[in-house]
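Following: one structure in structure tokens, then a few remarks.
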Amino acid sequence: MILYEEVLREFQKQKVKYVLVGGVAFNLLGGERTTLDLDILVEMSDANLFKVVKILKKAGYHVRQPVDPLLIADKKTRQDWIKNKHMKAFNFYKDVKSYEAVDILIDSVVAYQEAVKDVKRVKVGTLILPVISTKKLIKMKQSAGREKDLSDIRNLKALRKK
């Protein structure tokens with residue numbers, strides 16, 4: 001069993017429109033880095049986000065923010081969070097002692113509609129996972145600009161040359 005398999009399997013079953021990004025995508029594209037959270041870009045339709053929240057809640061995930069997590073499925077609320085709270089991601093966590101966390105990116109330099117155009121389909125066990133392309137992951141990591149992202153960019157560029 002892979003980490004987050006229950007959630008990813010349910011995403012597949014319910015036809016959630018999402019793309020894996022972040023550290024997990026980096027690893028699935030051939031990089032090697034320890035990462036524990038799952039970062040996803042999702043189609044930002046209210047219906048798709050509603051499915052994502054329901055799946056995460058059913059799997060035992062909670063939000064840190066003192067809000068109803070279903071509010072992410074409301075476009076006006078999301079826009080308010082981005083504009084007034086400078087929110088980039090909406091975080092779900094398993095429990096206070098767990099390392100399991102899922103971040104839904106709500107403000108990204110690469111939107112779902114752009115990411116899905118050249119998504120890589122990676123088979124992991126019996127799952128087929130949609131993974132952001134190397135080029136677009138590099139764009140996201142350049143925007144983040146943290147040292148680990150800059151290191152990931154160097155590694156991704158080296159992997160492309162192989």
Legend entry - Which listed residue, of K141, K157, is touching a helix residue (DSSP H, G or I) at 6+ places or on another chain (Cβ under 9 Å) and surrounded by fewer than 13 Cβ atoms within 10 Å (Cβ to Cβ): K157
Legend entry - Which listed residue, of R9, R33, R78, is part of a helix (DSSP H, G or I), at negative phi and touching an Asp or Glu at 6+ places or on another chain (Cβ under 9 Å): R78
Inset, instruction - Could you pull out every one of the helices (runs of 4 or more DSSP H) wholly within segment 85-161 that has 1 or more residues that are among the aromatic types (F, W, Y)? - result: 112-115
Inset, instruction - Test G31 against the criterion of being within 22 Å of Y99 (Cβ to Cβ), surrounded by 17 or more Cβ atoms within 10 Å (Cβ to Cβ) and not polar (S, T, N, Q), and give yes or no. - result: yes
Inset, instruction - List the number of the failed condition for F26; all other conditions in (1) part of a helix (DSSP H, G or I); (2) modelled with pLDDT of 95 or more hold. - result: (2)
Inset, instruction - Only residues that are crowded, with 18+ Cβ neighbours inside 10 Å and modelled with pLDDT under 95: list them for segment 5-23, please. - result: G22, G23
Legend entry - Top-ranked residue in segment 114-150 [being of a type in the set (S, T, Y) and closer than 19 Å to V42 by Cβ; ranked as modelled with the lowest pLDDT]: S143
Inset, instruction - Quickly run through segment 49-75 and pick out the residues that are of a type outside the set (S, T, Y) and either touching a residue at least 60 places away in the same chain (Cβ under 8 Å) or part of a loop (DSSP other than H, G, I, E, B) (or both). - result: A59, G60, R64, Q65, P66, V67, D68, D74
Inset, instruction - Report, by residue number, each residue of segment 35-50 that is crowded, with 21+ Cβ neighbours inside 10 Å and of a type in the set (D, E, K, R). - result: D39
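The values are calculated or read from the model by the stated rules, or taken from the named source; none is laboratory data. Source: prediction; values computed, not measured. No Cβ is skipped: glycine too gets one built from the backbone with ideal geometry, and neighbour counts run over all protein chains shown.
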